[in-house]
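The values are calculated or read from the model by the stated rules, or taken from the named source; none is laboratory data. As the structure is a computational prediction, the values presented were derived from the model and not from experiment. Neighbour counts run over all protein chains shown; Cβ positions are idealised from the backbone, glycine included. For the accessible areas, the whole protein counts, side chains as well, though only heavy atoms, and no ligand, DNA or RNA atoms are used. Shrake-Rupley method; radii C 1.70, N 1.55, O 1.52, S 1.80 Å.
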Amino acid sequence: MSEVVRVLFIGGLGRSGTTLLERLLGQLPGTLPLGEVAHLWERDIRDDERCACGARFSMCEFWQRVGASAFGGWENVDLARVDALRATVDRTRHIPTLAAKKLSPVQHSLITEYAEFYQRVYAAASADAGGDRLIIDSSKHASLAYCLRWCPNVDLRVVHVVRDSRGVAYSWTKQVSRPETGGQAEMTRYSPTRSALLWNAQNAAFSMLGRRGVPVRRVRYEKLLADPRTVVERLAEFAGVELAPGDLRYIGEDYADLGPNHSAAGNPMRFSVGRIPLRRDEEWRAELPSSQRRLVRTLTAPLLNRYGYTTRPVEIPEEVEGPEAPAPAPPPLPTQSSPADSRPEPIGPVVMAPVSVGRE
Ligand SMILES: [Zn+2]
């Protein structure tokens, strides 16, 4: 599994439209959407949750072939090792280290060992689909994108999805059940303050990633819903997908026709197949109390302004992040709170970085 695999990583804070964007991009020719691969290890290999095709992970033929090809079977994956590596390297608080130009030999070895687990999944999936596929991983978390950046066999491009922080905050307050668990579990909820701080951290991190030589394209959720076909067309070009006439016919003005997929984990909309409406979710404007709206607005003001949300966002084109893009200093990175962050102890005595920007 040493061949270079092309990966389009969809990043951003959850509830920003990352799953929708993955579904839309995953219909492009030559692509293979895998969902949030970050959750593969626990939710699928360990807990046998449902693949987006409807089958339990252990019964999904696609994923079983991928596991056999990547590891000689999923049972050969050392999940404790993946957990320990993740706890050691894949954390928001380590982004300053992961963003460095050089790593210590120990850090480099841990990060590449961790990224290699992902690379093997990507490469096996691509080979299973006939080879040379553009893998789409909607894992979202910036820290994972930073880890993948160190893997020589991952040709990484990143789509950074941004949504109005107030819409994101409202969405995190809502109750959403997780169908893949049989409705027994709910998606995590955050207070508006917490989601505002996470919004700052994740978005600032992706802006910084663009200045570290990784091709990053920023797209706004609102723009995606206002003009889905144009946005997908531009992202296809960014990702190196060549389009033939008619390739975007599945996207209408306010709908998309989506086929089945094998997304391993993610938002419940990964299960939707057929015609789905493309409508901006603006419920927050009526439902998020004005005091909370002001609070989130204040906490996220620097980046919110930078992304154009103080004017009329629909009219502002998405921008390219790159070495020349000017940016304000990123705000402090708070603790990344995700299921991935709540478990195992880091490996041994290896200290990744001075914890200078977080309180985790
Ligand atoms: Zn499946």
Given a 1.4 Å probe and the protein chains all in place, what does the accessible area of Asp257 round to, in Å² to the nearest 10?
50 Å²
What accessible area per residue, rounded to a whole number of Å², is obtained for segment 179-253 using a probe radius of 1.4 Å?
41 Å²
For a bin width of 5 Å, list the pair-distance distribution of segment 143-298 built from all Cα-Cα distances, rounded to whole %.
2, 7, 13, 15, 20, 19, 15, 7, 2, 0
For segment 50-130, taking Cα atoms only, what is the radius of gyration to one decimal and the Dmax to the nearest whole Å?
15.2, 44
Need one value: the accessible area of Cys151 in square angstrom, 1.4 angstrom probe, rounded to the nearest 10.
10 Å²
Leaving ligands, DNA and RNA out of it, work out the accessible area of Ile251 with a 1.4 Å probe and give it in Å² to the nearest 10.
0 Å²
Each label point is 7 Å from the Cα along the Cα-to-Cβ direction; what then is the distance between the points at Ala100 and Ala286, in nm?
5.2 nm
Computed D for segment 99-173, Stokes-Einstein, Kirkwood radius over alpha-carbon pairs, 37 °C, 0.692 mPa s, to the nearest µm² per second, is 228 µm²/s
Solvent exposure ordering (accessible area, 1.4 Å, most first) of His160, His262:
His262, His160
